[in-house]
Structures are given as structure tokens and as C-alpha cells.
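First the structure, in the form of C-alpha cells, and then the observations on it.
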Amino acid sequence: MSDTPANLANPNPPAIAVRGLIKRYAKSKVNAVDGVSFDVSGGEIFGLLGPNGAGKTTIIGVLTTSIVPTEGSASIMSVDVARDPISVKQRIAVVPQQSNLDRSLKVREILTFHGAYHGMPRKAREALADSLLNELGLGERKNEKVNRYSGGMAQRLMIARALMHEPDVLFLDEPTNNLDPQSRLFLWERIREMNARGLTILLTTHDMDEADRLCHRIAVMDHGKILVNDTPAALKKLIPGGTVLEVRADAPANGFGAGETVRSALSAIPGVAKVEMVEDEKSPTEEGSEPALSFRVYAAAANTLIGPAAQAVLASGAQVRDLSVKQPSLEEVFIFLTGRHLR
Amino acid sequence: MNGINATKMTLDRTFTERRESRTFLAFNAFFAILRRDIRVTGREFLPFLLQALMQPLFFLFIFGKVLPGIGLAAGNFAALMLPGIVALTGMIASMQGVTLPLVLDLGFAREIDDRLLSPLPVWWVALEKVIFGAMRGVIASSVIFPLGWLILGSGFAVRGDRIPLLIGMVLLTGCVGSTIGLLMGTVIKPDQISLMFTLIFTPLLFTGCTYYPWAALRNIRWFQVLTLLNPLTYASEGLRYSMVPPIGGQNFPTLGIGWTLVMLTVSVVAMFVLGTRTFLHRVVN
């Protein structure tokens, strides 16, 4: 999509447009966001992925008017964020990582006052508050204060609050970070449902599984830059070879250096793009068993390698424990792109 | 889900039209936020009054009733001190209404985020805090009058010919307190709260000419000059000017009222500008 005057001819301008965005905080030597551009179409679920400090939260801050960009521009529904923050605030909603619910108000009031802040008439906001509370399973505790709410309930209430003023774009900052599995599934369902109603959603996460299940498109960020921006399926094709065969084997009792032997045997199989030896997280705790070796064999068609791989393991004097074909996960794409070191 | 969608559809039309006017949105949000503060304080009105009035109640009793009663203070001391108590109560109530919630909100609770994301200029959120704080101050100050009348009995004396000025002074005192509260609330970090309250409140309390008239300090000149740095001095003296009845046909000597009003206005404007600047600095990066 373009930001030229041809935009007028475009019937569907992007819901979110970011152009050459740079943010450098005072006293910082590096740019927190370093020349980022992307578009999110209306009705899309867009994921921003990246390690801590990659710049995701800064981008959300700029788009939600709480951070002023150093350079570049950002717009929501064709309204410039820096030039007209009031109109932008009326069109967006934010669900933050940590609860920022107004603890002086009762649950229902949190919603009705939010509606009032955004100019909803009394009857409208009261009706919508009640139906949202019922819909999110909070209807019976609507006259309590939030102090006694669990993390999951607070999260649901923040979502209800976000939906009160009928935003066009919803920002979810690591929405399932501290949730139990039930709340997480419930939230995923809600996100899909809200999206089906036409809401454009931008979410940040480091949960690859979550991004994979929810997002239509994902941008992987690191050091303030977007490394790739594509559909989950397309991102997975970035992995060399395309598919993965996981091989676990028992080394012979005196098999010092057996790992390397097996690895080179596996690498020698025709069609293998790359073999990675993985630390097996189970072996140190499994008492009485020999330490297991674990490998990832990358290839275009890993399923055809099961036989040759088993033979290769046996030929190098080890025993096959387990063989399985895996589609590469986003996690592998992520590690592949951003490296393994800790932040 | 369909039911909700239907409700929304019917609401949407008027709602979308309203989106167009930013001025309407901003004013509307401002008053909604003010209503929120009134609702929250209204729910805890009794605790609020007790908190604001406990100290003045005992001050009035000890300094206005007990000390003159045992001959340690002159009979008209109550009349001189009453304006100081009105000023002090208003200042503290308005400051507390702004400072404490702001320190917590900006520090970690971030409960204010929902208001910052409302469709109004961010600095209006600070303005609302100041106006609401001033309202608290005015209420607390006003309750001192019936309270003083009850406790001081015959010692209660307020001149009746400067009532409009008195009302103006009470309003101005509330604004002085809430703007100082804004600055303090945006500067203090949560872990410094108790230290800062002691370091700022105590000197403010005792150098503000609340328990003694300014003119009486002429024998301790350096202290008299020092008190001029405290906005509370002008609030106390301005209230003294509008409240203390003439003694033997002579008006009680106070700081000049013109000078007093100018200094109070300067304090309100300066503290508001500084406070809003730090506020913006804390909430918009």
C-alpha cells in the first residue's frame, strides 16, 4: 500500500500505517525503534514478535499516543497519531500487560465511566456494560471492586473496557502472559471473535504458539528493527530445508564423542540440509538411563528420511530411541532469526 | 452475541456522529473524569471529612478554648487563629486530594491510564485534578465555620462586610493547595512518600502564619521574611483580612490585600505550569 496521493484511489487504506518510525529516548545512545515501516489492513490480526527490548512496547506506545516519535510517522484509520491524538484515542483501545483497572470504582462503573469518558450517552453505556459483563462471565460480580479479582478476571474486564467505546483498532500487549491455560484459551476465542466482528487487532507476544494460532501476519523484531514481516506459514519456510526430523538416540555406554559420530552420519544422508545437535533436557533427570542424544535434521521432505536416519544411527553404534517428523515451529524461526543469547 | 450487536448498531449512529467534534469529545471527557472523582470521594465522604477535620477540631479546641481559658492566650486569639485554621485545612485537604493519588498512579498503579487515553488533551487530566482538589479544599474550609462556631462559642467572631472577598479567598486557597499538590504528586516517587511529606508538609505548616499573624513577627525579622516564601502565609493573611473583626474601631493589621492576591495568583499559575510540565513529562515520553 502506498502513502502517495494515489491513496485517494485506494478504497481500503490501512487501519495502521507506520512509516520510517524512529524513537530514541533521552539519555539513550541507540534507537529503541530504528526505522520501522509496516501496514496493518482493516480486519487483520497482526502480531509483533521479538525478544525483550526489541522495541515492541515502544511501537505500541507511539500508536497509542503515549510516546512521541523522534522521526517518521504513524497513523490509525488515516489519522496521524502525533498531529491528532484526540481523534486517535477515540478510535483505539488498549489492553496492557499489567492491570491498570481503576480500583476506586466498582466493576460495572469501570465500564460505564470508560464509556462516559468516550462520550457515550448514559443509557447506551449502561446497556453495553451489562451485556459485555454477561458475555465475559463477570455479570454476577459486577458490583464488587476489582481488588478481589483474579488475574484472568481482571484481564477479561480490561477487554470488556476496551470494547466499550467501539474502537476500530485494539492493542493487546502480551495478553496471555500471566494467564492460566483456561483463561488463555478463553482469551484466544474472544480475540478471534472480536476480529470476526471487524476489529483490527495488533498484539505483541513472545509466545510463538499464540502468534501462530492467532495472527494473520507476524513481524519479527529485534534491536528496534523489523527482521521479517509475513504470514506464519511463509515465515516457517525461512527455516533451511522446510521440515524437521527429530531424532533421539541412546549413546553406547562408553560412547564418548558418540554425538559427533551420529551427527556426521546423519549429515551424510542425501537430501539433508542441516543437522543440529540439541541439549536433551530430559536426560540428566532420568535416573538409570543412558544419556540420550537428540538431533534436529532439517530437510525438504523429512518424512522420507526416517529409514535412512535410523540406519545412520545404528551404523554409528547408537540405539534409536525416537524418530518424529515435525513442521518447524515459529519458535525455531524466531531463534533462527534472533539468535539464542539471553537478553 | 447477536443481541449485543443489535444494541450496538442502534447506538452507533449517534455515537459516530459525536466522534467528529473533538471539542465536544474533550469537554465531555473532562466532565466525565470530574464526575468520576466526585463519585469516588462522595462514596467516602465521611472518612474524607474526618481526615480533613480532625486536626483543626483539636486546634480550635486547644488554642481557641483551652489556652485562653487558662490565661495562656489573649481572649481574641481565637478570632486571629480561626482564619489560619481555615487556610490550613483548605490547603491540606486540596493538596492531599491531588498528591497521594498522583504519586501512586504515576508510580506503579497506572490507574490513570484509562483517563489519559480518553479523547481529551493530556494536560486537561492535570487540570481536572487541580479543579477537583480545589473543590475538596473549599468543602473542608467551609466546614470549619460551623465547627468554629460550635467549639469557640462566644469566641467565634467573623466580620460580615467582606463576605465576597472571603469566598474568593477560600476558592483561591483551594487552588493554591491543589496546584502545589500537582507539583508534589508529579515529582515525588512512591518510595519517598513519607519522607517527602515530613520534609515538605511540616515546614509548610509552621511557616505559613496559620497560628500567628504576620505583623506580630516584626521582632523576629528574619523569620518574618522567611514566611513570605510560603504561599500559605498569603492564604492565612488574606483570610485574616477578610474575617477578623475591627478591634476598637481599628482594622487588624495584615499583609496588604492587593499584594496578597497577587502572590496567591502567582503561586497558582507558577505551580500549575510547573506541575503540568512534570505531569506531561511523566505520562508522555
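Just so you know, all these numbers are worked out from the coordinates, no wet-lab data involved. If you're wondering where the values come from, they're calculated on a predicted model, not measured in any experiment. Every residue, glycine as well, gets a Cβ built from its backbone with ideal geometry; the counts of neighbours run over all protein chains shown.
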- Message: With +1 on the Cβ of every Lys and Arg and -1 on the Cβ of every Asp and Glu, and nothing else charged, how large is the dipole of the range A:1-136 about its Cα centre, in debye rounded to the nearest 20?
- Response: 460
- Message: Compute the orientation-averaged projected area for the range A:150-245 from the convex hull of its Cα atoms and round it to one decimal in nm².
- Response: 7.8
- Cα centre as origin, Lys/Arg/Asp/Glu Cβ charges: chain A dipole, Debye: 1140
- Message: Cut-off under 25 Å on the C-alpha distance; same-chain residues fewer than 8 positions from A:LYS237 excluded. Which lysines are left, in chain and number order?
- Response: A:LYS56, A:LYS225, A:LYS274, A:LYS326
- How large are Rg and Dmax for the range A:1-159 when only the alpha carbon atoms are used, in Å? 18.4, 53
- For B:GLU44 and B:PHE108, calculate 0.36 nm times their separation in residues minus their Cα-Cα distance, and state this gained length in nm to one decimal. 20.7 nm
- Using θ = phi - 60° and the Karplus relation 6.51 cos²θ - 1.76 cosθ + 1.60, list the HN-Hα couplings for the range A:156-162 in order, rounded to whole Hz, with x at every Gly or Pro. 5, 5, 5, 5, 4, 4, 5
- For the range B:23-283, how big is Rg over Rh, using alpha carbon atoms and the Kirkwood form of Rh? 0.99
- Query: Which value in deg cm²/dmol, rounded to the nearest 500, describes the helix-derived mean residue ellipticity at 222 nm for chain A, given -39,500 (n - 2.57) per DSSP H run of n ≥ 4 and division by the residue count?
  - Reply: -9500 deg cm²/dmol
- Item | Volume per residue that the Cα convex hull of the protein assembly as shown spans, once the total is divided by residue count, Å³ | 231
- Let me know the whole percent of all Cα-Cα pairs from chain A that are separated by more than 25 Å. 61
- Task: Give me the angle, in degrees from 0 to 90, between the Cα long axis of helix B:22-43 and the longest principal axis of the Cα atoms of chain B, rounded to the nearest 10.
- Result: 60
- Message: If you build the convex hull over the alpha carbons only and average its shadow over all orientations, what do you get for the range A:33-118? Give it in nm² to one decimal.
- Response: 7.0
- Task: Could you pull the Cα extents of the range B:223-282 along its three principal axes, largest to smallest, in whole Å?
- Result: 54, 23, 14
- Message: Taking the number of other C-beta atoms within 10 Å as the exposure measure, put A:ILE92, A:ILE67, B:ILE220, B:ILE70 in order starting with the fewest.
- Response: B:ILE70, B:ILE220, A:ILE67, A:ILE92
- Under 5 Å between amide H atoms, partner at least 5 residues away or on a different chain: which partners does A:ALA292 have, H built in plane at 1.01 Å? A:SER283
- Message: Can you give me the angle between helix A:107-117 and the longest principal axis of chain A, using Cα atoms only, in degrees from 0 to 90, rounded to the nearest 10?
- Response: 60
- Over the range B:175-265, with a single point scatterer placed on each C-alpha, what log10 of the ratio I(q)/I(0) does the Debye formula yield at q = 0.12, 0.23 1/Å? -0.44, -1.17
